[in-house]
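The values are calculated or read from the model by the stated rules, or taken from the named source; none is laboratory data. Fair warning: this is a prediction, and the values are worked out from it, not measured in the lab. Here the Cβ positions follow ideal geometry from the backbone for every residue, glycine too, while neighbour counts run over all protein chains shown. The accessibility values were calculated without ligands, DNA or RNA, using every heavy atom of the protein model including side chains. Shrake-Rupley method; radii C 1.70, N 1.55, O 1.52, S 1.80 Å.
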Amino acid sequence: PLASQVKNKAPAEVQITAEQLLREAKERELELLPPPPQQKITDVEELNDYKLRKRKTFEDNIRKNRTVISNWIKYAQWEESLKEIQRARSIYERALDVDYRNVTLWLKYAEMEMKNRQVNHARNIWDRAITTLPRVNQFWYKYTYMEEMLGNVAGSRQVFERWMEWQPEEQAWHSYINFELRYKEVDRARTIYERYILFTLLVIVHPDVKNWIKYARFEEKHCYFAHARKVYERAVEFFGEEHMDEHLYVAFAKFEENQKEFERVRVIYKYALDRIPKQEAQNLFKNYTIFEKKFGDRRGIEDIIVSKRRFQYEEEVKANPHNYDAWFDYLRLVESDADAETVREVYERAIANVPPIQEKRHWKRYIYLWINYALYEELEAKASKRTRQVYQACIELIPHKKFTFAKIWLLYAQFEIRQKNLPLARRALGTSIGKCPKNKLFKGYIELELQLREFDRCRKLYEKFLEFAPENCTSWIKFAELETILGDIDRARAIYELAIGQPRLDMPEVLWKSYIDFEIEQEEYEKTRNLYRRLLQRTQHVKVWISFAQFELSAGREESLSRCRQIYEEANKAMRNCEEKEERVMLLESWKNFEEEFGTDSTKERIEKLMPEKIKKRRKLQAEDGSDAGWEEYYDYIFPEDTANQPNLKLLAMAKLWKKQQQESEAAEMDPDKDIDESQS
């Protein structure tokens, strides 16, 4: 026959997936079936028939899968519910033959016997259970509990003893101890503790501190304080310094605190803090601090605070050995509260952290460790020999070919002078100048020789200094001042001449001023004028002209005013072509002040005509990329003497006159009554 053809092949509007079909089938499985009808048993035959059917069902289930212990347990419990204890016992025995390692099976079996008051049967089952599975603690707990509930204390103790032979876990021992304590058997409990401690020593590789603490607290609770102290001491001795635990020492200290033995407490805390690593002693620190606050004096509280801070600094320097600020703080703390050997040890640890890079900026903080070390040895420890060794070791460590520290050399020399050892001080400074000459070293050496009044040595040092740094104007000035103080004017003048003849100077204006002041002090006015003229040949700075004019004014002679005015005239002519108009204005202001004080009316009028006019101008600004950045206003000066600016001045004057006329005409238009009143008047 022909297969029927599907006319409409379009998908259905409601799609049903395989997942949906499976889910619906599962949900329908869970639908509750109606309960079976209740059956009322009226006679013995019906009861026997019911028992037969149920037993057949249980046996069939067991036959299908013997390893499912739940079927056996349900079967036995059903027989138990019918008070068929013998049958239930038989089922449990059959089940044990199948799987004797099942803990639940043993527990259900023993519980059935106990519920039915079959004590001897229950004892027999527990004995079989603990013999077969001695490592199942639950059997032992229930067995001992049953014997204790029956009042059979001796039997329960005997079970505990059998259990202890298997060396169980910690909780089993404590259960045994608590059992003895419930019957006030303190001596027996102590014996058990001793056995357990011995067991931990012999069997457990890493014994726990808490067991010792529990043992000691047990003794303390029963007022055996000497025994408790002995337990703590044995624990400390047993763990030694390799496996120290802060919890043990905290518990020991609290025990002694309860006994009012405060000195013992302090000794225990200090002993532990000195030996336990700092990162593992946080709780110890905390309890020690609380103890000192409660029972200690001020010194004790300070000691514990110092210990805490020392621990913090140790952590910081351990994390970053090149953190020199942490070392400084640590050393300051140690110096305030430690003996000399401890301080030296910390200093040696600090200076051992040499900067890894030979650049001066990395050494600037490090070098102060050496300086502080040397100062401590000299001032606090009073050990001059060690101080000398510290300075020498530091000098040998510094890479002088790349950089040096003048401070170290000078401090070493000053130390030797304090020790009245002048040759060593000179040798150190001479070595420093030979190895690594610096301005500061020369200055320090010269100052030392000046204090010793060794002027010939000072001259030699200045000569070496100026050979090393001929551009240093301060050195030239100091050398000349030394010769002036010694009364050798010609040498001082020669030094100044050599100085101003140098091709390169760092502060030439200071040098020239010093030379001029020197000649003025010697009242050599002609030489001073020559100096000013020589200086003006090099620079036309306005301050030089003003200083020259003021010098002529202060010369105190009859022609001083005319000389001063003449210099102002020269300066004004020389600065006409100067681009810096502010300097020219400064010169004219100084000239004007001079004329106001010493000049006549004609000279005052003349200087007034020379004063410039201040005008506001605008100029175009450009950005860095060349684009327009707007306009800027600035002030400019127009000097009457400048002929090039005369037409501009006339134009500016005419513009101002026109603006004034415009303002007057506008005012007249605004107030015509005022014009009438003025005409009438």
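Relative protection proxy for 11-24, 460-473, from highest mean packing down: 460-473, 11-24 (other beta-carbon atoms within 10 angstrom). Here the Debye sum runs over all C-alpha atoms of the range 1-121 as equal scatterers in vacuum, and log10 of I(q)/I(0) at q = 0.19, 0.23 Å⁻¹ comes out as -1.10, -1.25. By the rule of a C-alpha distance below 20 Å, with chain neighbours fewer than 8 residues away ignored, the aspartates and glutamates paired with K318 are D274, E280, D329, E335, E345, E348. Helix content alone sets the calculated 222 nm mean residue ellipticity of the chain: runs of n ≥ 4 DSSP H residues at -39500 (n - 2.57) each, divided across all residues, give -22500 deg cm²/dmol.
Is the C-alpha gyration tensor of the range 145-239 telling us rounded, prolate or oblate? Criteria: a/c under 1.5 is rounded; beyond that, a/b larger than b/c is prolate, otherwise oblate. Oblate.
A 1.4 Å probe run over the protein chains yields, for the chain, 63 Å² of accessible area per residue, whole-number rounding.
With a ≥ b ≥ c the root eigenvalues of the C-alpha gyration tensor of the range 208-296, is it rounded (a/c under 1.5), prolate (a/b larger than b/c) or oblate? Oblate, since a/c reaches 1.5 and b/c is not below a/b.
Helix 422-435 and the longest principal axis of the C-alpha atoms of the chain enclose an angle of approximately 90°. Report the Stokes-Einstein translational diffusion coefficient (µm² s⁻¹, integer) for the range 458-566, Rh taken as the Kirkwood radius over Cα pairs, at 37 °C with viscosity 0.692 mPa s. Calculated translational D: 223 µm²/s. Multiplying the residue separation of D208 and Q20 by 0.36 nm and subtracting their alpha-carbon distance yields 61.7 nm.
Percent of Cα-Cα pairs per 10 Å bin, from 0 to the last occupied bin, for the chain, please list those. Per 10 Å bin, starting at zero, the Cα-Cα P(r) for the chain comes out as 2, 8, 9, 8, 9, 9, 9, 8, 7, 7, 6, 6, 6, 4, 2, 0, 0 percent.
Of the solvent-accessible surface of the chain, computed with a 1.4 Å probe over protein heavy atoms with every protein chain present, carbon and sulfur atoms account for 50 percent.
Here's the list of aspartates and glutamates a cross-link from K360 could span, going by alpha-carbon distance under 18 Å and ignoring same-chain residues fewer than 8 apart: D325, E396.
Of the cross-linked pairs K620/K660; K401/K464; K26/K108; K142/K221; K382/K420; K407/K460, which ones have a Cα-Cα span greater than 24 Å in the structure shown? In this structure, K620/K660; K26/K108; K142/K221 exceed 24 Å between Cα atoms.
With R₀ set to 60 Å, the beta-carbon distance separating T603 from K407 gives a calculated FRET efficiency near 0.55.
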